[in-house]
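To start, the structure itself, in structure tokens.
The values are calculated or read from the model by the stated rules, or taken from the named source; none is laboratory data. Because the structure is a prediction, the values reported are computed rather than measured. Note that each Cβ is placed from the backbone with ideal geometry, even for glycine, and that neighbours are counted across all protein chains shown.
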Amino acid sequence: MTVLVLGGGVLGTATAYFLARDGHEVEVVERQRALAQDASSGNAGLIAPGHSFSWASPAAPRMLLRSLAGAATAIRVKPRIDPELVRWGIRFLRECPSDRAVANTLVKLRLCQYSQGVMEELVAKEEIDYGHVSAGVLYLYRDERELELGYKKSSLLREHGQEQEVLDADACVEYEPALESARDRIVGAVLGKTDSSGDCERFTYELAGRCRKLGVRFRLGTAVHRLVHSEDRVTGAVVDGELVEADHYVLSLGVDSPAVARTVGQRLPMYPAKGYSVTFPIREKDRPPSHGGVDEATLVAWSNFGDRLRMSSTAEFAGYSRSWGESDFSNIHKMAAELFPAAADYGAGEYRACLRPMTPGGPPIVGYGRHRNLLYNTGHGHMGWTMACGSAKIAADILAGRDTDIDVRGMEVPA
Ligand SMILES: Cc1cc2nc3c(=O)[nH]c(=O)nc-3n(C[C@H](O)[C@H](O)[C@H](O)COP(=O)(O)OP(=O)(O)OC[C@H]3O[C@@H](n4cnc5c(N)ncnc54)[C@H](O)[C@@H]3O)c2cc1C
């Protein structure tokens, strides 16, 4: 079967890989001149089922209200007249009661755990090097009460298979010696023992190389403008003025998925959550953290990619702009100075903003909507790097008419 995969982020590329392994003739269309230049290149690098909580939770409405009142919260809304944001926001609020938060978290956790296993197999089979660090991730706390609450909150994840333990400040420093000078600033951490980290952009490039060997073609620098349909089938994709036809289509356009889906009458409840990301070179004399982590006070996350230290933070609901200013990185600089003052060359950072494709509840959208040959694999939000390989395998299974390895309820295309 011929399959046109729309979008060359980590989701589109991983889906192309599993489809090609099934023997399909696959082409990927990507607007940028290189793969994985959007969310997939700016993320924090954590492969972390241990952080798969849904953002829509009983605590979220208060945080959003504080942000509207001007507080510098980790998740914030920029007040603007934007009907799309209002519609998405109402759906988000409906997902905030605790029963919905638990249900969404468990859907995400199941996919994250499955995906981590699929990725391990893939990486071993294809011998992919992507700066992987597998010895756990630290969720750091600076306040005893917050640590206690954090550990209690993550009992849901432990009950469903995540291995975690609490470390006090000394144990944190023993585990992560780069924290030595910050010993008095932290009270401890929840250690996600099986969580890991790695460079998503590098992984995507490497995987694209394996895809090419399987016959996948990549059309780079080529934008999809709209889809064409007849009754319940998509009959083509208008790609830079040309109609490209295939037997099947997969939509993985990140935050642009809703705009293209709308051209064939499919609504996708997704909105961008902007994040700020900076990559610092690591010099020989530096003392970088060797494991990934999150400072739970500021929600700044980091990963060590070998020669570079990635730090990212913030979720801002502010439309589709990828603009940024120096002040958007102040919490990253503050955290770096407080916890890892000698970790990297902080004067030589590469700065950027990128957009997470967020659904209101958090789980992605994987499956068919109105058209029986248009498969959605999009909306992976804040854990999309972790979910990518599992989600791609599921998409290939669905397309082949096979049973999926895990229950995919909660990821359906909304009616
Ligand atoms: C700051 C930040 C930190 C994050 N940290 C983590 C983390 O630590 N762990 C984790 O698991 N996840 C993390 N994520 C989430 C993760 O990065 C995303 O969920 C994931 O990268 C989404 O991948 P994607 O392929 O769906 O989207 P994208 O990477 O955005 O890819 C979509 C692709 O579609 C292309 N495209 C769009 N429109 C068109 C068009 N019309 N025609 C052709 N091509 C088009 C784009 O150019 C892009 O390449 C983070 C995200 C951000 C922003």
- Flag if E84 is over 19 Å from the mean Cα position of the chain (by Cα), surrounded by fewer than 24 Cβ atoms within 10 Å (Cβ to Cβ), more than 8 Å from the ligand (Cβ to nearest atom) and assigned to a strand (DSSP E or B): no
- Checking Y320 against (1) hydroxyl-bearing (S, T, Y); (2) modelled with pLDDT under 95; (3) within 16 Å of the ligand (Cβ to nearest atom), the condition it does not meet: (2)
- Please name all residue pairs, on different chains or six or more residues apart, with Cβ atoms under 8 Å, provided the first residue is in segment 196-209 and is farther than 13 Å from D129 by Cβ and at pLDDT below 95 and the second residue is of a type outside the set (D, E, K, R) and within 12 Å of the ligand (Cβ to nearest atom). none
- Query: For segment 174-193, which residues satisfy the criterion of being touching a residue at least 24 places away in the same chain (Cβ under 8 Å) and under 12 Å from Y141 (Cα atoms)?
  - Reply: A182, R185, I186, V187, G188, A189, V190, L191
- Filter result (part of a loop (DSSP other than H, G, I, E, B) and more than 8 Å from the ligand (Cβ to nearest atom)) within segment 43-61: S52, F53, S54, W55, A56, S57, P58, A59
- Could you check, for segment 180-203, whether at least one of its residues is more than 21 Å from L299 (Cα to Cα) and over 18 Å from the mean Cα position of the chain (by Cα)? no
- Message: I need the full set of residues from segment 21-40 which are away from the ligand (no atom under 14 Å from the Cβ) and under 15 Å from R219 (Cβ atoms), in order please.
- Response: E25, V26
- Task: Could you pull out every one of the strands (runs of 3 or more DSSP E) wholly within segment 284-349 that has 1 or more residues that are surrounded by fewer than 22 Cβ atoms within 10 Å (Cβ to Cβ)?
- Result: 308-317
- First in segment 296-308 and closer than 13 Å to L46 by Cβ and aromatic (F, W, Y), second anywhere and away from the ligand (no atom under 13 Å from the Cβ) and in a strand (DSSP E or B), Cβ under 7 Å, 6 or more apart: W302/L309
- Query: Quick one: in segment 394-415, which of the residues that are within 15 Å of the ligand (Cβ to nearest atom) and outside any loop (DSSP other than H, G, I, E, B) is nearest to P258 (Cα to Cα)?
  - Reply: A395
- Please give the number of the condition S230 fails out of (1) more than 14 Å from the ligand (Cβ to nearest atom); (2) of a type in the set (G, A, S); (3) surrounded by 15 or more Cβ atoms within 10 Å (Cβ to Cβ). (3)
